[in-house]
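*Asks:* Have a look at this one.
The values are calculated or read from the model by the stated rules, or taken from the named source; none is laboratory data. Only a predicted model underlies this, so the values are computations on that prediction, with no experimental measurement involved. Backbone-built Cβ (ideal geometry, glycine too); neighbour counts: all protein chains shown. Note: accessible area is taken over every heavy atom of the protein model, side chains too, but ligands, DNA and RNA are not part of it. Shrake-Rupley method; radii C 1.70, N 1.55, O 1.52, S 1.80 Å.
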Amino acid sequence: MSSTPSLRVIIVGAGIIGASLAYYLSRRSRITVTVLERDVPGTGASGHSFAWVNAFGKDPGHYHSLNRRSLDMWYRLAHQLDTDIGLHVGGEMRWENQREPAERLKQRIRQLQHWGYPCRLISREEMMALEPHLSPGAVLAASFSEADLHVETDAFINACLRHAVVHPHTTVTGFVKHNGRITAVKTADAEFPCDVAVLASGVQTTELAALATVSMPQQRSPGIVIKTTPCAEVLHNVAVLHAPPDDEGCQHLHLRQLADGSLRIGQGTQEGINRDASQQHADALLARAKVYLPDIGDAAAIPTPVGYRPMPLDGFPVLGFTSAVPNLYVALMHSGVTLAPLVGEMAALEIADGARVDLFAPYRPERFV
Ligand SMILES: Cc1cc2nc3c(=O)[nH]c(=O)nc-3n(C[C@H](O)[C@H](O)[C@H](O)COP(=O)(O)OP(=O)(O)OC[C@H]3O[C@@H](n4cnc5c(N)ncnc54)[C@H](O)[C@@H]3O)c2cc1C
C-alpha cells in the first residue's frame, strides 16, 4: 500500500466553478475535498445565470477556443455524472431586422466559421422549419449555431457536490498562514486545515484574495434574467433564441425554455448591465417575447433580483496559483457556466498533479500584480 499522504483541498464557494472542480478532484484517490459555502450551493451568480453554453461572442481567438473546448466537454461530463442536469441540446438561433446589425451578424458568422465554429447563415424558411411557431417579423439576416446548449445550474451543482464534503452556511473570514503559505481556512467558529485553498467565490473573490494579500480586481457587472410560470412548448428545437431590438430601442432579447415549460428571458448581450428588478421590467420582457412567440399565452412574468457576474477587470478568466501565496489557487470568471467542465478538469490537473496547463497561460493571476 502507498503511504503517500492525502492532499487536503478546501474550495471556498459552491457555485458552478467550485462544484465542477470539487467533482473532478473527488474522482482521484488521496485527495480530500471540502467545500465551504456561506449560503447554500448555487445562490451566487450561478443561480442568476442565463446558462447559455456557447462560444459565440468570445474574442479573441484564444478565448473563443477556451469556451468552444469547454462547450464540447458538456456531453462527456453529463454522461459521467449520470443524472439529469437539464442539458438541452438544440443550438442557438438569432436574427436581425436592420441593415447594419444584419451586416455585423454576417461578418460575425464568417469569423466564427473561420475559427471552425459550427454556425451558418440560414434563410427565413430554415428559421421556420426550426421553430414553426415563431413570428419573427422582418428578417434581414439569421443564423444558427448548432452546438450551443443550455443547462440547469442547480441540478449540475447538486450532482457534482454529491461527491464532496460540503459545509453550507459557512462563511470564510480569513486564512492562517505560515511561511507565506496557507495552512488553514478560517470561519467564524472553526479552522479547516489545508494543503491547497481554492477561491471559487465569484464576486467575493476580490475581498477574500485581499485577506491573503493578493490583488484580484473586478468590475461590477449586474444583470437580470427573469423567469416565467410554465407555458406551452414554444421552442420546439432550438435551445436559445436571440431576437433583435424592437422599434422602441429596447435591446436584443434572449430566451430559453426549461423542461418544466417556464422561460428565462434577458436582454442585451451576455455582459449587458441591467439593475431593473421590477415587476414592470419583467412584464415588459415577457410582452416582447410574446410578440415573437404568441404561444406563450398567459404565462406570468416573475421578476428576479439582480445577479452580479464575477468579472475580472479585463473581462478574462483568472486561473491558477498566485505567486504571492503559492498554495492559493484562484478560479474567477464570467461565462463560468460555459467554462465549468474545462476549468474543473484542468484546474484539477494543476492542483492535484502540479501541471501547468498551457491553455490557461493567458489567464494567470500574475497579470494583476
Ligand atoms: C445575469 C447573468 C447572466 C449570465 N449568463 C451567462 C450565460 O448565459 N452563460 C455563461 O456561461 N455564463 C453566464 N453568466 C456568468 C456565470 O453565471 C458565472 O460566470 C458563473 O456562475 C460563476 O460561477 P462561480 O462558481 O465562479 O461563482 P458563483 O456562482 O457566484 O459562486 C460563488 C460562491 O461563493 C460563495 N461565497 C462567496 N464568499 C464566500 C465566503 N466568504 N465564504 C464561503 N462562501 C463564499 C457564494 O455564496 C457563491 O455561492 C451569467 C451571469 C449573470 C449574473
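*Asks:* Give segment 163-175 a look and list any residue that's more than 16 Å from V198 (Cβ to Cβ) and without any contact (Cβ under 8 Å) to a residue 40 or more places away in the chain, or say none.
*Replies:* Passing the criteria: only T173.
*Asks:* Something else: Return the residues of segment 171-187 that are in contact with a Ser or Thr (Cβ under 7 Å, 6 or more places away or on another chain) and either outside the structural domain of V40 (by TED's automatic domain parsing) or within 14 Å of the ligand (Cβ to nearest atom) (or both); say none if nothing qualifies.
*Replies:* Correct list: T171, V172, T173, K186, T187.
*Asks:* Here's another thing I want to ask about it. Can you tell me which residue within segment 215-263, out of those that are open to solvent by 60 Å² or more (accessible area, probe 1.4 Å) and in contact with a Ser or Thr (Cβ under 9 Å, 6 or more places away or on another chain), is farthest from the ligand (Cβ to nearest atom)?
*Replies:* It comes out as P230.
*Asks:* Still on this structure: State yes or no: is E96 among the charged types (D, E, K, R) and surrounded by fewer than 19 Cβ atoms within 10 Å (Cβ to Cβ)?
*Replies:* no
*Asks:* Condition (residue is more than 30 Å from H114 (Cα to Cα), in a strand (DSSP E or B), touching a Phe, Trp or Tyr at 6+ places or on another chain (Cβ under 8 Å) and within 14 Å of the ligand (Cβ to nearest atom)) applied to segment 25-47: is it met by at least one residue?
*Replies:* yes
*Asks:* Identify all residues within segment 70-92 that are open to solvent by 10 Å² or more (accessible area, probe 1.4 Å), touching a helix residue (DSSP H, G or I) at 6+ places or on another chain (Cβ under 6 Å) and not in a helix (DSSP H, G or I); write none if there are none.
*Replies:* T83, G86, L87
*Asks:* Residues of segment 321-360 being over 20 Å from R309 (Cα atoms) and not aliphatic (A, V, I, L, M), which ones?
*Replies:* Hits for segment 321-360 are F321, T322, S323, P326, N327, E345, E350, D353, G354, R356, D358, F360.
*Asks:* Could you list, in sequence order, the residues of segment 26-69 that are closer than 23 Å to S221 by Cα, open to solvent by 30 Å² or more (accessible area, probe 1.4 Å) and in contact with a Lys or Arg (Cβ under 7 Å, 6 or more places away or on another chain)?
*Replies:* Passing the criteria: only A45.
*Asks:* How many residues are of a type in the set (A, V, I, L, M) and either surrounded by fewer than 15 Cβ atoms within 10 Å (Cβ to Cβ) or without any contact (Cβ under 8 Å) to a residue 24 or more places away in the chain (or both) if we restrict to segment 302-318?
*Replies:* So the count comes out to 3.
*Asks:* Of all strands (runs of 3 or more DSSP E) completely enclosed by segment 129-194, which ones contain at least 1 residues that are surrounded by fewer than 18 Cβ atoms within 10 Å (Cβ to Cβ) and modelled with pLDDT of 95 or more?
*Replies:* In segment 129-194, 165-167, 172-178, 181-187, 191-193 are the strands (runs of 3 or more DSSP E) which contain 1 or more residues that are surrounded by fewer than 18 Cβ atoms within 10 Å (Cβ to Cβ) and modelled with pLDDT of 95 or more.
*Asks:* Let me ask something else about it. Within 16 Å of the ligand (Cβ to nearest atom), surrounded by 14 or more Cβ atoms within 10 Å (Cβ to Cβ), at negative phi and in contact (Cβ under 8 Å) with a residue 40 or more places away in the chain: is that true of G266 in this structure?
*Replies:* Taking the combined requirement at face value, the residue satisfies it.
*Asks:* A further question on this structure: Hey, does segment 286-298 have a residue that's of a type outside the set (S, T, N, Q) and within 16 Å of the ligand (Cβ to nearest atom)?
*Replies:* No, there is no match, as no residue in segment 286-298 is of a type outside the set (S, T, N, Q) and within 16 Å of the ligand (Cβ to nearest atom).
*Asks:* Mind listing whichever residues of segment 52-105 are in the same structural domain as A129 (by TED's automatic domain parsing) and over 25 Å from H236 (Cα atoms)?
*Replies:* Scanning segment 52-105 gives Q98, R99, E100, P101, E103, R104.
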